[in-house]
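Q: For reference, the structure I am asking about is given below.
The values are calculated or read from the model by the stated rules, or taken from the named source; none is laboratory data. None of these values were measured; they are calculated from a predicted model. Positions of Cβ are backbone-derived with ideal geometry, glycine not excepted, and every protein chain shown enters the neighbour counts. To get the accessible areas, we keep the full protein, side chains included, count just its heavy atoms, and leave off ligands, DNA and RNA. Shrake-Rupley method; radii C 1.70, N 1.55, O 1.52, S 1.80 Å.
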Amino acid sequence: MKKVKLGSQGLEVSQVGLGCMGMTKFAGHDVYKTADEKEALLTIERSLELGGNFLDTADQYGPWENERFIAKAIHGKRDKYIIATKFGHEIDDNGELTWGINATPQYVKKAAERSLRNLKTDCIDLYYLHRLDPNVPIEETIGAMADLVQEGKVKYLGLSEVSVSTIKKAHAVHPISALQSEFSLFERSVENTGILKAVNDMGIGFVSYSPLGRGFLTGDIKSAEDLSEGDWRLNIPRFQGEYLQKNIELVNEIGRLASKKEVTTAQIALAWVISKGIIPIPGTSKRTNLEKNYASADIQLSDSEIKRLEEIIPPGTDTGARYDEHGMESIDQ
């Protein structure tokens, strides 16, 4: 898989990345289905064999457990991977989430030191602010993150789920290399709000998390029964009631187009994201899924195919909220 520039500060990553959140538990619970550690380790190894070098994690995942897992997976090969991690969801000294956001300069440095230890590395390639702290001016947060760059502890800076105004303020303090937000055929709000255009204009790369709609765009979800008991997606409006049935019908329509092209529903959904010049980071802990996801980078969509996909789910289509009420409140809109 070819490498592409992410932003205009010199960072290069594989055209498709790997979201690692589901490889470990979150607050003692499985994120989606129970991940097999051995298979997850082999998935990260297979990623490198296929040319994928971009791994995405966060201190919140676990907390800390996911970063420590990544350290184990890349042991002896640290220089082969680009590691992105995030901070902002406050974790106390006992390793427990407080369920608040903390992006004070003091916490920025504390969180970074912890991530460096957990990842067993002396430098984080891409360090994101996971969510905006409404009580701290973004300029102060980015100033502290910039200090980490000066100290050689971080190479590039990123933001996640923030508005155009916040991006501009941050970029004026220190160049931002990447913005990470949810983006898929199901979730195109960054287009509607002008965020995607703004980052393109500023030379900031865009990373799409949940490019498969948290599994919806795989076509594997046919009913609520396809989600295991305890699956946190059951708490998301998109996976409930009338929205669930409506979205299944939309995915089925995408699947028909994919079948004509002799690719999977997931692959055509990822190919559409890539056609926008965006780096998707679909999450998986299985080699078979990884191989199919990475193969999407080789799929060329015609203008008519792109048009048809966007006719199936036009911008502004109400597919249901992507988080519960608390989760939506943390997004800077």
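Q: With +1 on the Cβ of every Lys and Arg and -1 on the Cβ of every Asp and Glu, and nothing else charged, how large is the dipole of the stretch 225-286 about its Cα centre, in debye rounded to the nearest 20? Write out the running numbers ahead of the final one.
A: Details: 8 positive and 8 negative charges, 81 e Å.
Rounded to the nearest 20 debye, it is 380 debye.
Q: If packing is taken as the average count of other Cβ atoms within 10 Å, what order do 213-222, 69-78 fall into, highest mean first? Walk me through the numbers before you get to the answer.
A: Details: 213-222: 21.2, 69-78: 16.1.
In decreasing order of mean packing, 213-222, 69-78 become 213-222, 69-78.
Q: Let me ask you something else. I'd like the per residue volume of the convex hull spanned by the Cα atoms of the chain, given in cubic angstrom.
A: Numbers: hull volume 40.9 nm³, N = 333.
That works out to 123 Å³ per residue.
Q: Hey, another quick one. For the stretch 127-196 and the stretch 54-104, write down the distance between their C-alpha centroids in whole Å.
A: Here the answer is 17 Å between Cα centres.
Q: Only helical DSSP H runs with n ≥ 4 go in: add -39500 (n - 2.57) per run for the chain, normalise by residue count and round the 222 nm mean residue ellipticity to 500 deg cm²/dmol. All intermediate terms of the calculation are to be shown ahead of the outcome.
A: On the way: 12 runs with 128 residues, N = 333.
Estimated from H runs of four or more residues: -11500 deg cm²/dmol.
Q: Counting only heavy atoms of protein chains, what accessible area per residue, in Å², does the chain have with a probe of 1.4 Å?
A: Details: 14430 Å² over 333 residues.
Dividing the accessible area of the chain by its residue count gives 43 Å².
Q: Calculate how large, on average over all directions, the projected area of the Cα convex hull of the stretch 1-98 is; give the answer in nm² to one decimal. Mind dumping the intermediate values first?
A: Working: hull surface 28.4 nm².
Mean orientational projected area (the stretch 1-98, Cα hull): 7.1 nm².
Q: Which value, in debye to the nearest 20, describes the size of the charge dipole of the stretch 2-138 about its Cα centre when Lys and Arg Cβ atoms bear +1, Asp and Glu Cβ atoms bear -1, and nothing else is charged? Each step should come with its number before you reach the end.
A: Numbers: 19 positive and 20 negative charges, 88 e Å.
For this selection, approximately 420 debye.
Q: Can you tell me the orientation of helix 164-173 relative to the chain, as the angle in degrees between its alpha-carbon axis and the longest Cα principal axis, to the nearest 10?
A: 30 degrees
Q: Residue 248 to residue 110: extension gain in nm, 0.36 nm per residue of separation minus the Cα-Cα distance? It would help to have the intermediate numbers written out before the result.
A: Working: separation 138, 0.36 × 138 = 49.68 nm, distance 4.34 nm.
Value of the extension gain: 45.3 nm.
Q: Between residue 261 and residue 120, what is the FRET efficiency for a Förster distance of 45 Å, r being their Cβ-Cβ separation, to the nearest 0.05?
A: Details: r = 43 Å, r/R0 = 0.95.
So, using R0 = 45 Å, E works out to roughly 0.60.
Q: Okay, moving on. Rank 111, 85, 74 by how far each Cα sits towards the positive end of the charge dipole of the stretch 49-166 (+1 on Lys, Arg Cβ; -1 on Asp, Glu Cβ) and give me just the farthest.
A: 74
Q: Shifting gears a bit: So, with a 1.4 angstrom probe, what is the percent of accessible area on the chain that is carbon and sulfur?
A: Working: 6790 of 14430 Å².
Within the chain, the accessible surface is 47 percent carbon and sulfur.
Q: Could you work out the relative contact order of the stretch 83-184, using alpha carbon pairs under 8 angstrom and six or more residues apart, expressed as a whole percent? Intermediate results must be reported in sequence, preceding the final value.
A: Working: 158 pairs, mean separation 27.4, N = 102.
Answer for the stretch 83-184 is 27 percent.
Q: Moving to a separate point now. Once the mean 1/r over all distinct Cα pairs of the stretch 175-227 is inverted, what Kirkwood radius in angstroms do you read off?
A: Numbers: mean 1/r = 0.0807 Å⁻¹.
For the stretch 175-227, the Kirkwood estimate is 12.4 Å.
Q: Roughly how big is the chain's charge dipole about its Cα centre, with Cβ charges of +1 (Lys, Arg) and -1 (Asp, Glu), in debye to the nearest 20? Don't skip to the answer; put the middle values down first.
A: Working: 40 positive and 49 negative charges, 209 e Å.
Computed about the Cα centre, the dipole is about 1000 debye.
Q: What's the extension gain from residue 326 to residue 37 if we count 0.36 nm per residue and subtract their Cα-Cα distance?
A: 101.0 nm
Q: Please report, in cubic angstrom per residue, the volume enclosed by the convex hull of the alpha-carbon atoms of the stretch 211-331. Show your work: numbers first, answer last.
A: Details: hull volume 14.9 nm³, N = 121.
In the stretch 211-331, the Cα hull volume divided by residue count equals 123 Å³.
Q: Now, a different point. Once both labels are modelled 7 Å past Cα along the beta-carbon direction, what's the residue 25-residue 307 spacing in nm?
A: Once both label points are built, they end up 5.2 nm from each other.
Q: Using the Kirkwood radius built from alpha carbon pairs, what does the Stokes-Einstein equation give as D for the stretch 102-160 at 4 °C and 1.567 mPa s, in µm² per second? Display every interim value, and only then the final one.
A: Details: Rh = 11.3 Å.
Stokes-Einstein gives a translational diffusion coefficient of 114 µm²/s.
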